[in-house]
Amino acid sequence: MSELIYLYSLGFIAQFFFSLRVIIQWFYSEREAKVITPTIYWILSLSASLLFFMYGYFRDDFAIMLGQFIG
């Protein structure tokens, strides 16, 4: 049971990073009054993709792994 908690936590953290990157980009773009893609956006994107890939690996879910590898 504790393995599932860690696994679900990994998935939730990855999803949080993906959501946070959009919020951060929106905040920076509104502040500058133009579209901006800050460095933290890319760091969060890569981190979330890696975490989702790991999540798929631990779940033995090829579809998640392939989606993160291609995207």
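The values are calculated or read from the model by the stated rules, or taken from the named source; none is laboratory data. This is a predicted model, so every value here is computed, not measured. Every residue, glycine among them, receives a Cβ derived from its backbone with ideal geometry; neighbour counts consider all protein chains shown.
Conditions (1) at pLDDT 95 or above; (2) touching a helix residue (DSSP H, G or I) at 6+ places or on another chain (Cβ under 6 Å); (3) not in a helix (DSSP H, G or I), marked per residue:
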{"residue": "Leu4", "(1), (2), (3)": "no, no, no"}
{"residue": "Tyr8", "(1), (2), (3)": "no, no, no"}
{"residue": "Phe12", "(1), (2), (3)": "yes, no, no"}
{"residue": "Tyr41", "(1), (2), (3)": "yes, yes, no"}
{"residue": "Met65", "(1), (2), (3)": "no, yes, no"}
{"residue": "Phe69", "(1), (2), (3)": "no, no, no"}
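Filtered by the rule that a residue be over 18 Å from Ile70 (Cα atoms), surrounded by 12 or more Cβ atoms within 10 Å (Cβ to Cβ) and not polar (S, T, N, Q), region 27-53 gives Phe27, Tyr28, Ile36, Pro38, Ile40, Tyr41.
Pairs are defined by a Cβ separation below 7 Å, a sequence spacing of at least 6 or placement on different chains, a first member in region 7-32 that is farther than 11 Å from Phe52 by Cα, and a second member that is among the aromatic types (Phe, Trp, Tyr) and surrounded by 12 or more Cβ atoms within 10 Å (Cβ to Cβ); the pairs so defined are Arg21/Tyr41; Ile24/Tyr41; Gln25/Tyr41.
Taking region 54-71 as the range and being closer than 19 Å to Leu4 by Cα, touching a residue at least 12 places away in the same chain (Cβ under 8 Å) and either crowded, with 17+ Cβ neighbours inside 10 Å or of a type in the set (D, E, K, R) (or both) as the test, the residues that pass are Met54, Tyr55, Gly56, Arg59, Ile64, Met65.
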